[in-house]
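Enquirer: The following block contains the structure, expressed as structure tokens.
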Amino acid sequence: MSPRSASVNEELRRRSRQRLLQATVELVDERGYEATTLGDIADRAGSARGLVSYYFPGKRQLLQSAVHRLMHLTLEEALEREPRTGDGRERLARAIDAILGLATDHPVLMRTHMAGLLQADGFVQCPEQQRLAGLLRDTVERYGSRDVDTDYPLLRGLLMGAVFALLLPGVPMPRARLRAELFQRYGLDWELGAPPGGLPPGGAPDHIPDQSSKSSK
């Protein structure tokens with residue numbers, strides 16, 4: 001049997017790494033961070049225990065890469081869903097809704113991730129984080145930023161702050177209120193993105209329908 005080519009080996013390593021990242025998301029979501037071991041993750045991924053240490057220096061770094069991958073995939077799906085659009089304001093609205101949605105749908109996972117970011121190591125510079133950053137930078141650029149290097153970190157910080165506020169134990173802020181504040185900050189209409197049902201916070205729609213054409217009774 002001839003040896004595998006370098007490209008085949010690279011693809012096998014990529015798939016193995018992705019299985020570990022996916023298993024991490026699933027297990028931390030189900031059990032929490034402390035109750036999830038590296039052995040559990042390897043078993044769920046169908047990988048040898050040594051592969052975890054080969055790809056990642058520790059569990060905290062593995063979790064960050066796993067969450068960054070989830071965020072990247074979720075954001076990419078939101079930005080490219082039908083009807084596809086190049087409109088920068090719509091894409092920014094979709095990005096905001098995607099990140100807020102992750103905090104709502106995966107509270108244990110995202111709370112653990114945010115707590116890890118406050119530790120000394122901060123962000124893990126991994127391929128997953130770089131892909132996520134690329135999507136967010138592209139979103140800011142399409143929105144019309146004239147200074148992406150300044151506006152991208154600002155958007156990232158605002159989104160992180162909103163996720164913290166959503167997940168704060170005991171006193172979480174309503175998602176609709178946080179969404180409204182972010183949309184107001186960027187001048188986005190409430191109807192863009194994936195708006196929750198009902199009127200925006202405050203009770204009044206962004207646009208009052210024109211009633212002049214209707215006959216009065």
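Enquirer: Would you work out what percent of the accessible area of the chain, with all protein chains in place, is carbon or sulfur (probe 1.4 Å)? List each step's numbers first, then the result.
Expert: Numbers: 6410 of 12060 Å².
Heavy-atom surface of the chain belonging to carbon and sulfur, 1.4 Å probe: 53 percent.
Enquirer: Next up: Which one, Leu73, Gly46, Pro196, is farthest towards the positive end of the dipole of the chain when Lys and Arg carry +1 and Asp and Glu -1 on their Cβ?
Expert: Gly46
Enquirer: Could you please state, rounded to a whole Å, how far the C-alpha centre of segment 48-73 is from the C-alpha centre of segment 90-133?
Expert: Answer, in whole Å: 14.
Enquirer: Taking 8 Å as the Cα distance limit and 6 or more residues as the minimum spacing, I'd like the relative contact order of the chain as a percentage.
Expert: Working: 196 pairs, mean separation 43.6, N = 217.
Computed over the chain, the figure is 20 percent.
Enquirer: What label, among (1) -0.69; (2) -0.45; (3) -0.53, belongs to log10 I(q)/I(0) by the Debye sum over Cα atoms at q = 0.10 Å⁻¹ computed from the structure on display?
Expert: (3)
Enquirer: In debye to the nearest 20, how big a dipole does the chain give about its Cα centre with +1 on each Lys and Arg Cβ and -1 on each Asp and Glu Cβ?
Expert: About 340 debye.
Enquirer: Here is a further query. Whole number in Å², please: accessible area per residue of the chain, 1.4 Å probe, ligands, DNA and RNA not counted. Don't skip to the end; give the middle numbers.
Expert: Details: 12060 Å² over 217 residues.
Ligands and nucleic acids excluded, the result is 56 Å² per residue.
The values are calculated or read from the model by the stated rules, or taken from the named source; none is laboratory data. What you see is a predicted model; the values in this text were computed from it and never measured. Backbone-built Cβ (ideal geometry, glycine too); neighbour counts: all protein chains shown. Heavy atoms of the whole protein, side chains included, go into the accessibility calculation; ligands, DNA and RNA do not. Shrake-Rupley method; radii C 1.70, N 1.55, O 1.52, S 1.80 Å.
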